[in-house]
1. Pairs please, first residue from region 215-233 and free of Cβ contacts under 8 Å to residues at least 40 places away in the same chain, second anywhere and in a helix (DSSP H, G or I) and among the basic types (Lys, Arg), Cβ atoms under 6 Å, 6+ apart in sequence or on different chains.
2. Can you spot a residue in region 205-225 that is over 22 Å from the mean Cα position of the chain (by Cα) and not in a helix (DSSP H, G or I)?
3. Answer yes if at least one residue in region 242-253 is surrounded by 14 or more Cβ atoms within 10 Å (Cβ to Cβ), closer than 26 Å to ALA201 by Cα, in contact with a Gly (Cβ under 6 Å, 6 or more places away or on another chain) and touching a residue at least 12 places away in the same chain (Cβ under 8 Å), and no otherwise.
4. Within region 256-300, take every residue that is surrounded by 19 or more Cβ atoms within 10 Å (Cβ to Cβ) and of a type in the set (Gly, Ala, Ser) and give me the one that is nearest to the chain's Cα centre (by Cα).
5. Looking only at region 122-171, count every residue that is among the small types (Gly, Ala, Ser), part of a loop (DSSP other than H, G, I, E, B) and farther than 26 Å from GLN198 by Cα and tell me the total.
6. Pull out all pairs, ordered by first then second residue, where Cβ-Cβ is under 7 Å, the residues are six or more apart or on different chains, the first lies in region 158-179 and is more than 23 Å from ASN213 (Cβ to Cβ), and the second is in a helix (DSSP H, G or I) and modelled with pLDDT of 95 or more.
7. Is region 227-235 home to any residue that is over 20 Å from LYS309 (Cβ atoms), in the same structural domain as LYS314 (by TED's automatic domain parsing) and among the acidic types (Asp, Glu)?
8. When you scan region 75-85, do you find a residue that is modelled with pLDDT under 90 and surrounded by fewer than 18 Cβ atoms within 10 Å (Cβ to Cβ), even just one?
Amino acid sequence: MPRDNGLRLQIFATIAQLCKVLILGIQFSSLYILWFTGCSTNITDTTSNMELISNKPIEQQHAIAEFRKVIEMNPESEWSHYNLGLVHYNQGEYQQAVKQFEKVIEMNPNNIEVHNNLGLAYHNQGKYSKAIIEFEKVIETNPINAEAHNNLGLAYHNQGKYSKAIIEFEKVIETNPNNTEAHNRLGLVCYSQGKYQQAAAEFEKVIKLNPNNAEAHNRLGLVHYNRGEYPKAIKQFEKVIEINPNNTEIYSNLGLVYYNQGKYPKAIFEFEKVIKLNPNNAIAHHNLGLVYKEQGKITEAEAEFKKAKDILAK
């Protein structure tokens, strides 16, 4: 991680304002802490107190105001721009985050952490091409950066460039065969391509590494569902329910399996669970209507279709 020796002077110019920020409960990034750690012994001692305070809940709006005050005092403060960007990012204000991260990169073009976070901000805006450029810059500097390869693979996946996405996720797995996130994402790419056997293999690897990974059980269940392997799908969905009984998606998936098996009472039971947990779930009302229609209960079916339509119209 690059360190800016000039920060030693900047700290003394703005330390009072920073302490005010910390008291408000800002959760600083590792980059911020590392830069402080690179200073004198006294500053390092102060850092331990900062880390302790910074674990308190975030006061986002106060944080933004205080970081802006620091930047007014010292417009060239990299860590202030960076942390202001992080606060905006955490609030979902991605364009504001981009603006701050770009400021840092202007001052320090080789900071790979900021390039990675800038890529994430672009990605969350749907600007995948720009995100890819940033992740590639990270990889140019550090070819074995698993996080950047993971993020790059996700960006390619969202662009529909599945072959490139697979390459990136496989690079992560080469470095760390136990990376469940990479196996999960590789499975998703294979699933998107209709390669259900390969997808199942990846999700099974995730489950082997983490038997309580509900997401992997759900996705493996969907693979079995799409292959018409309904008993296997039910087994996976029921496992998810054991892990998280309030997951409405799973009851909906389970209801669809029963619907396709012609087990309409069981399908109704599952869709009603979804509606009980979330009365405004339009899809569940629609699916429940389909079941009633198959049973010849036209009045009940039309009532559910109307509820779905009304919810979507809001």
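1. Every condition considered, the pairs that remain are HIS217/LYS239; HIS224/LYS232.
2. no
3. Checked region 242-253: no residue is surrounded by 14 or more Cβ atoms within 10 Å (Cβ to Cβ), closer than 26 Å to ALA201 by Cα, in contact with a Gly (Cβ under 6 Å, 6 or more places away or on another chain) and touching a residue at least 12 places away in the same chain (Cβ under 8 Å).
4. Result: ALA284.
5. If we filter region 122-171 for residues that are among the small types (Gly, Ala, Ser), which is where we start, we get 126, 129, 131, 146, 148, 153, 155, 160, 163, 165.
The next check asks that each one be part of a loop (DSSP other than H, G, I, E, B); those that pass are 126, 160.
Now restrict to residues that are farther than 26 Å from GLN198 by Cα: 126.
Total satisfying the criteria: 1.
6. If the second residue must be in a helix (DSSP H, G or I) and modelled with pLDDT of 95 or more, the pairs left are GLN159/TYR128; LYS164/TYR156.
7. Filtering region 227-235 for residues over 20 Å from LYS309 (Cβ atoms) gives 227-235.
Next, from what is left, pick out any that are in the same structural domain as LYS314 (by TED's automatic domain parsing): none.
Checked against the condition, which is being over 20 Å from LYS309 (Cβ atoms), in the same structural domain as LYS314 (by TED's automatic domain parsing) and among the acidic types (Asp, Glu), region 227-235 yields no hits at all.
8. Yes: region 75-85 contains one or more residues that are modelled with pLDDT under 90 and surrounded by fewer than 18 Cβ atoms within 10 Å (Cβ to Cβ).
The values are calculated or read from the model by the stated rules, or taken from the named source; none is laboratory data. Note that the structure is a prediction, hence the values are computed from the model and not measured. When we count neighbours, we look across all protein chains shown, and the Cβ atoms used for this are built from the backbone with ideal geometry, even at glycine.
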